[in-house]
Amino acid sequence: DAIERDGEELISTHCCFCGMQCGMNIRVRKEDQSVLGVEPRYDFPMNGGRLCPKGVAAYRQAEHQERILHPLIRKNGELVQATWDEAMDLIVSKIQEIQEKHGKDAFGIYSGSSMTNEKCYLMGKFARIGLGTKNIDYNGRYCMSSASVGFNQSLGIDRGSTNPWSDIKFADVLLIAGSNTAECHPLSMPYIWGARDRGAKLIVVDPRQTKTALVADVHLNLRPGTDVALANGLLHVMIKEDLVDQDFIQNHTTGFEELKQLVQSYTPAKVSEITGVDANKIVTAARIFGQAKNGFALFARGVEQHATGTDAVSSYTNLCLVTGKVGRKGSGIATFTGQGNGQGGREHGQKTDQLPGFRKITDPKAREYIAGVWGVDESEIPGPGLSAFEMLKALGTEIKGLLLVCSNPIVSSPSVRDVGEYLKSLDFFVCMDMFLSESAELADVVLPSTVWVEDDGTTTNVEGRVLRLKGIDRTPGESKRDWKVICEIAERLGRGQYFQFNSPEEIFNELREASKGGIADYYGITYDKLDKMQGVFWPCPTEESEGTPRLFEDLKFNFPDGKARILAFEYKGPNEKTSKEYPVILTTGRVVFHYLSGNQTRRIETLRGFCPDPYVEIHPKLAEKYKVSNGETVKVTSPRGSIELVAKITKITREDMVFVPYHWGKSLAINHLTNPALEPKSKIPEFKVCAVKLEKVETT
Ligand code: SF4
């Protein structure tokens with residue numbers, strides 16, 4: 001399949017570093033299959049020949065000298081090289097020992113969303129009928145789960161975007177909330193420029209004047225955690241000034257009267273007091289959004305990672321529902337998926353409460369159907385178990401053994417000092433990774449995984465478009481493909497009959513069957529079809545279907561009565577409030593040069609060079625109060641811990657808060673400070689707000 005050119009092969013794949021999944025060709029030296037570089041793909045419509053700094057550098061992981069190339073086993077406190085047989089014998093004997101002593105659920109799986117759909121599917125199946133444990137969840141719980149619940153409760157379906165990205169340029173208004181798109185999803189910006197070129201207005205809701213907010217027509221710089229109040233304020237103005245679509249509301253929604261009543265008290269003055277946003281700006285933004293014929297509400301983790309994150313997602317979704325901005329070119333709702341396969345990762349059954357095809361694990365019909373696909377009795381499917389952070393908290397008590405795949409929870413979880421203690425309290429801890437992450441350093445066994453450019457399979461991007469990745473045909477050193485390792489463990493556990501796969505395509509074909517008739521229906525998507533098209537949008541229920549790029553064109557929402565749910569929520573505020581002792585708000589986020597816990601990007605010299613260390617952004621007025629100058633060291637302390645950071649004095653942040661990027665571990669992990677309070681429905685931790693105090697560190 002590869003194109004050949006001057007002794008090189010060009011392998012067509014997609015970038016691993018965000019949900020855009022930009023198309024790229026990996027340049028491989030033909031004679032030894034070594035990776036030489038990368039070229040953007042001009043034929044893939046999402047990026048059309050562009051890549052951002054992370055995309056350009058991503059290939060550098062492949063030949064990285066720190067890659068783990070052999071299995072490692074802890075002996076006398078040190079991780080030392082071992083053979084696959086030694087490692088597998090130990091893993092299988094420990095699983096059996098723990099499960100015999102403490103029950104099946106005492107062995108858990110903490111999985112990831114930066115893996116192919118095939119691996120995500122396999123992990124869910126392996127947990128339930130390979131290990132027989134109910135305790136599997138994944139790191140997407142930390143990033144996409146509030147959007148998932150919010151979309152399901154408002155629209156009846158959880159696809160990250162109701163529309164293809166190409167629809168964005170036909171909008172007359174774009175409201176982007178809690179997303180620094182320019183840094184976190186850089187190649188979405190050309191779509192936003194496209195809309196601006198056609199005269200669209202841009203409203204950005206963000207506590208910081210990010211690079212995205214800098215180009216906004218209206219920047220609503222709200223206090224972190226006040227999104228529900230702000231959305232209610234915008235709805236108040238739109239309803240009061242009759243900027244809503246009565247016909248759409250009447251025929252295609254329920255719940256408008258409750259919302260109308262609830263938002264009556266959310267006057268611009270009151271909302272200004274809660275959010276800190278100028279009341280006139282709230283009115284202006286509401287008028288722009290309400291008067292526009294077509295528009296999008298787009299949001300991300302800034303809205304979702306809160307103890308009221310699902311309320312906020314539905315509240316912003318209300319903006320489009322009351323104005324009828326859905327189901328056509330230029331009008332829709334979307335969340336920016338953070339992880340490479342953030343969308344696919346949540347569809348195929350590795351969430352503790354789900355089975356493949358977005359089926360609920362508690363639904364008897366879903367259980368019966370999936371049991372049929374897997375060839376087991378329905379009673380053999382355990383679950384639901386614990387969600388990601390709940391699972392970490394249960395390590396050492398309810399859960400004695402853990403398989404960690406493609407995740408680094410000791411950097412990415414809230415209150416990470418505790419997470420380190422939880423991991424250390426395990427009887428047995430096995431980790432699959434390509435680098436020795438901060439979490440892998442604590443494992444009893446580390447298995448060397450392949451890097452994404454060596455992965456064959458599919459992912460699903462921010463639009464709900466399923467894509468084909470073609471892996472380089474190599475496994476450096478003694479590294480092995482994760483899916484083969486999982487099948488081998490199942491074999492050794494005596495469950496091999498359920499894991500007779502010879503290729504990712506065979507796994508995908510079973511995934512198609514498992515998803516058939518579900519919400520995320522992949523049945524009509526084949527490798528052959530993906531090879532011929534530039535990806536296929538789910539749902540794609542038949543082999544004749546070409547997929548569904550735009551949802552709700554018929555204005556039928558995924559509820560029995562076909563109507564979308566307008567849901568009204570009172571503003572409750574963050575779980576942790578500022579106090580006399582902790583008077584400043586801390587919020588966290590990404591920078592363009594790094595990805596998630598930084599396990600991959602901190603090792604890439606070019607990216608590390610641009611942003612080697614974390615820092616704390618402080619407004620000049622707040623800095624003056626603490627007598628801190630640019631470049632000086634500041635101790636930031638929350639009720640859970642302290643870290644010392646270099647001060648970056650800047651007007652882009654609000655005066656009542658500080659911002660710290662979260663891509664670093666150990667003593668530089670800002671998640672030492674963050675609040676582990678969970679959103680009750682989605683179980684996402686409240687990463688985006690906690691209360692801190694600042695102290696200048698005197699250096700001699
Ligand atoms: Fe990769 Fe995202 Fe950058 Fe595209 S925008 S190159 S997918 S990190």
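Criterion first (under 21 Å from the mean Cα position of the chain (by Cα), of a type in the set (K, R) and at positive phi) does K683 satisfy it?
Yes; evaluated as a whole, the condition is true for this residue.
All but one of (1) at pLDDT 95 or above; (2) more than 13 Å from the ligand (Cβ to nearest atom) hold for R50; state the number of the condition that does not hold.
All conditions are met except number (2).
Can you name every one of the helices (runs of 4 or more DSSP H) wholly within the stretch 170-251 that holds 1 or more residues which are at pLDDT 95 or above, among the charged types (D, E, K, R) and within 13 Å of L319 (Cα to Cα)?
227-240
Does the stretch 511-531 contain at least one residue that is more than 27 Å from D167 (Cα to Cα) and either of a type in the set (D, E) or in the same structural domain as T226 (by TED's automatic domain parsing) (or both)?
yes
Output the qualifying pairs, or none if there are none: Cβ atoms under 7 angstrom, residues six or more apart or on different chains, first residue in the stretch 670-688 and more than 17 Å from G140 (Cβ to Cβ), second residue charged (D, E, K, R).
H672/R417; H672/R640; L673/R640; N675/E576; N675/E686; A677/E576; A677/E686
Just checking, which of A231, A177, A200 is crowded, with 22+ Cβ neighbours inside 10 Å, farther than 26 Å from H306 by Cα and not polar (S, T, N, Q)?
None of the other options fit; the residue is A200.
Among the residues of the stretch 5-47, which ones are away from the ligand (no atom under 13 Å from the Cβ), in a loop (DSSP other than H, G, I, E, B) and in contact (Cβ under 8 Å) with a residue 60 or more places away in the chain?
Q33, D43
Which of the following residues is touching a residue at least 12 places away in the same chain (Cβ under 8 Å) and within 16 Å of the ligand (Cβ to nearest atom): A87, A62, A2, A82?
A62
Hand me the list of helices (runs of 4 or more DSSP H) wholly inside the stretch 281-396 holding 1 or more residues that are in the same structural domain as Y121 (by TED's automatic domain parsing) and surrounded by fewer than 24 Cβ atoms within 10 Å (Cβ to Cβ).
Hits in the stretch 281-396: 364-374, 388-393.
Here is a yes/no grid of residues against (1) within 20 Å of L436 (Cα to Cα); (2) outside any loop (DSSP other than H, G, I, E, B); (3) touching a residue at least 60 places away in the same chain (Cβ under 8 Å):
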| site | (1), (2), (3) |
| --- | --- |
| Y595 | yes, no, yes |
| G598 | yes, no, yes |
| R602 | yes, yes, yes |
| G609 | no, yes, no |
| E617 | no, yes, yes |
| E624 | no, yes, no |
| S629 | no, no, no |
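Got a sec? Which of L235, L202 is free of Cβ contacts under 8 Å to residues at least 60 places away in the same chain and of a type outside the set (D, E)?
Testing whether each residue is free of Cβ contacts under 8 Å to residues at least 60 places away in the same chain and of a type outside the set (D, E) leaves just L202.
The values are calculated or read from the model by the stated rules, or taken from the named source; none is laboratory data. Everything quoted here is computed from the prediction, not taken from an experiment. A quick note on method: Cβ atoms are made from the backbone with ideal geometry, for glycine too, and the neighbour counts reach across all protein chains shown.
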